[in-house]
Amino acid sequence: MGKATVIDFTNQKGGVTKTTSAIAFGSVLAREGYKVLIGDFDPQGNSTYSLIGEYSQRKDESGNSLPGILRAIIDDTVSLADVVQETGLENLHIAPMEKKVMGRSVQLGKILDNTDIDVIKREFANSGVLDYYDYILLDHGPKIHGFEETACLVASDYVLTPTTARALDMSGLIELIEYVKEVKKYNPNLAFLGAFFTLINKSKVNEWNKAKEYRDKYGDTFMKAFIPQESLVGLLEEGEFLIEHSKKAIRGYEDLVEESLAKIENLEKSKNRKEVVNNV
Ligand SMILES: Nc1ncnc2c1ncn2[C@@H]1O[C@H](COP(=O)(O)OP(=O)(O)OP(=O)(O)O)[C@@H](O)[C@H]1O
Ligand SMILES: [Mg+2]
């Protein structure tokens, strides 16, 4: 297949399982035989650590730190394809966060011209990763309006937003959906795929009722699939996969993947219909 669909896992709230969800969603897809790349754009490097350990400590033969995703975006001589690492799961790769670029902590926005908002999209296209992978999933820190986060939206096709019923503040979600609409002026292809509930504990009746109430009230904004809370053994430990540890949560992610792929297929059909109509 190839010609990747790019999905941005984003929410300005912290600790709502963005990283866990990107990895679990990717693991389910990879197990189904799709080629998947996780792009770690979070300076905390949690998805990198979880999948391949402390990448920023690795050195080449000359003792220099290895380039990661930031270097590939910043430096024209380093391709994103060259920094990609295999993980313990077949078909699941990661473009790791290196934390430091040439000895300095960086934020893309501090180095690059803040108006070059296509910088990540261009690297995806030029490095060949869009042609090679079926899905590219982007992980972030808890922010949406920054330069990096915006450049990720510009490089994406869809946005998926994990949220807890506890943390859910509809105004935050509405703000995110509005921001996605704003970014459409740079990337008309971008669409909000949906928000989904995570860390759901049905025995906490108030929370569960609140989640159901939101799903009923806001219809298509929320996915039907939800992810139960489960005591997870070493979830974010190096090289350990949720898929191997948590039957219930992973079933939730399987439902989410199935629902997301069906929704994407429908949205693609309507995008194509619109293009046909516009071209007539
Ligand atoms: N289904 C689950 N059940 C129980 N705990 C979970 C589940 N999914 C994730 N967690 C735990 O919840 C915590 C937050 O998850 P995670 O790091 O993925 O969130 P995040 O949104 O990426 O956080 P940040 O904003 O810091 O990037 C982690 O300790 C993780 O192990
Ligand atoms: Mg995270």
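We did not get these values from a lab; they are worked out from the coordinates using the rules stated. Source: prediction; values computed, not measured. Don't worry about glycine lacking a Cβ; one is built from the backbone with ideal geometry, like all the others, and counts go over all protein chains shown.
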So what is the calculated 222 nm ellipticity per residue for the chain, using -39500 (n - 2.57) for each DSSP H run with n of 4 or more, over all residues, to the nearest 500 deg cm²/dmol?
-> -12500 deg cm²/dmol
Quick one: which residues, 5+ away or cross-chain, put their amide H under 5 Å from the amide H of Asn201? H built at 1.01 Å from N.
-> Gln229
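Would you mind ranking Met223, Met97 so that the residue whose beta carbon has the fewest other beta carbons within 10 Å leads the list?
Values: Met223 20, Met97 23.
In increasing order of surrounding Cβ atoms, one gets Met223, Met97.
Direction-averaged shadow area of the convex hull around the Cα atoms of the stretch 21-180, nm²? Display every interim value, and only then the final one.
On the way: hull surface 40.1 nm².
Convex hull of Cα atoms, orientation-averaged projection: 10.0 nm².
Counting other C-beta atoms within 10 Å, which of Ile174, Ile264, Ile69 has the fewest, and how do the rest follow?
On the way: Ile174 12, Ile264 17, Ile69 27.
Least crowded to most crowded, the residues run Ile174, Ile264, Ile69.
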Given unit charges at Cβ for Lys, Arg (+) and Asp, Glu (-), the dipole magnitude of the chain about its Cα centre in debye, nearest 20, is 940
Please give every one of the aspartates and glutamates within straight-line cross-link reach of Lys269, meaning a C-alpha to C-alpha distance under 15 Å, and leave out same-chain neighbours fewer than 8 residues apart.
-> Asp157
How large is Rg/Rh for the stretch 1-88, to two decimals, with Cα atoms and a Kirkwood Rh?
-> 0.97
Only bridges with both residues in the stretch 5-279 count here: give the DSSP antiparallel percent, nearest 5.
-> 15
Compute the whole-percent fraction of alpha carbon pairs in the stretch 55-96 spaced more than 14 Å apart.
-> 52
Would you mind telling me which residue in Asp255, Asp157, Asp82 has the biggest mean-square fluctuation in a Gaussian network model of the chain, where springs connect alpha carbons within a distance under 10 angstrom?
-> Asp82
In µm²/s, what is D for the stretch 5-279 at 4 °C and 1.567 mPa s, where D = kT/(6 pi eta Rh) by Stokes-Einstein and Rh is the Kirkwood radius from Cα pairs?
-> 68
Extreme residue, positive dipole direction of the stretch 1-91, given options Ser50, Thr20, Ala81 (C-beta unit charges) | Thr20
Of the DSSP H helices in the chain, the ones reaching 15 Å or more along their long axis in Cα terms and averaging at least 0.0 in Kyte-Doolittle hydropathy are 18-31, 170-183
Total lysine pairs whose alpha carbons fall under 24 Å of each other in the stretch 140-223 (8 or more apart, or interchain) | 9
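In what order do Ile73, Ile52 fall by count of nearby beta-carbon atoms within 10 Å, going from fewest to most? Don't skip to the answer; put the middle values down first.
Working: Ile73 27, Ile52 19.
Ascending Cβ contact count within 10 Å gives the list Ile52, Ile73.
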